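Participant: First the structure, which I've put down as structure tokens, then a few questions once you've had a look.
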Amino acid sequence: MGAELRRVVAEWAGFTCEYCLIHEDDAYLGCEVDHIVSEKHEGQTVAENLAFSCFCRNRHKGSDIASRNSHTGELVRLFNPRADAWAEHFQLRGGRIEWRTSIGEVTARLLKFNELDRTSEREELKARGAYPSPAARWRLSQD
């Protein structure tokens, strides 16, 4: 993947993780460009199939594209930052990211949105006025 494609995806995202909404400057290990549908599942390396993701979310997601709903057992696709509105599937409550839909539930669980370290990090950033970032606030208003 070239630098220009990474720049395009990062700018689309406002340099903010499209999953947990942490800004790249505040992410301990920064952010990466990740395939929404992995190459393993025939996803292409084009801007429309790439998301800006913090290191932690990207490592937890891996090449997954779906998971089982923990309540129903139904196989449910993961949140797609290019096709889905963040606020439709998630909501912020303090440092926690709570889910609103089955897509939100499987994504939040699989990507481990609410590990203690991550919720504490978001609460600390929120107290400093750094979370959510302006780009993240825009995503929160889109549903």
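Participant: With respect to the numbered conditions (1) in contact (Cβ under 8 Å) with a residue 40 or more places away in the chain; (2) farther than 19 Å from residue 131 by Cβ, which one is the sole condition not fulfilled by residue 59?
Facilitator: The one condition residue 59 does not meet is (1).
Participant: Among (1) of a type in the set (Lys, Arg); (2) at pLDDT 95 or above; (3) assigned to a helix (DSSP H, G or I), which single condition is residue 112 missing?
Facilitator: It is condition (3) that residue 112 fails.
Participant: So, in the range 100-109, of the ones that are without any contact (Cβ under 8 Å) to a residue 60 or more places away in the chain and buried (at least 19 other Cβ atoms within 10 Å of the Cβ), which residue ends up farthest from residue 35 (Cα to Cα)?
Facilitator: Applying the filter and picking the extreme gives 105.
Participant: Output the qualifying pairs, or none if there are none: Cβ atoms under 8 angstrom, residues six or more apart or on different chains, first residue in the range 1-12 and free of Cβ contacts under 8 Å to residues at least 12 places away in the same chain, second residue open to solvent by less than 90 Å² (accessible area, probe 1.4 Å) and part of a helix (DSSP H, G or I).
Facilitator: Going by the 8 Å Cβ cut-off, there are no qualifying pairs.
Participant: Name the one entry in 139, 128 that is open to solvent by 10 Å² or more (accessible area, probe 1.4 Å), touching a residue at least 12 places away in the same chain (Cβ under 8 Å) and not small (Gly, Ala, Ser).
Facilitator: 139
Participant: Of the conditions (1) over 12 Å from the mean Cα position of the chain (by Cα); (2) closer than 18 Å to residue 135 by Cβ, residue 5 satisfies every one except a single condition; which number is it?
Facilitator: The one condition residue 5 does not meet is (2).
Participant: Which one of these does residue 92 not meet: (1) closer than 21 Å to residue 13 by Cα; (2) open to solvent by 50 Å² or more (accessible area, probe 1.4 Å)?
Facilitator: (2)
Participant: Here's something else I'd like to know. Looking only at residues in the range 49-77 that are more than 10 Å from the chain's Cα centre (by Cα), among the aliphatic types (A, V, I, L, M) and surrounded by 14 or more Cβ atoms within 10 Å (Cβ to Cβ), which one is nearest to residue 29 (Cα to Cα)?
Facilitator: 50
The values are calculated or read from the model by the stated rules, or taken from the named source; none is laboratory data. Keep in mind that this is a model prediction, so the values were computed, not measured. Note: ideal-geometry Cβ built from the backbone for every residue, glycine included; neighbour counts use all protein chains shown. Quick note on the areas: whole protein, heavy atoms, side chains included, nothing else; ligands and nucleic acids left out. Shrake-Rupley method; radii C 1.70, N 1.55, O 1.52, S 1.80 Å.
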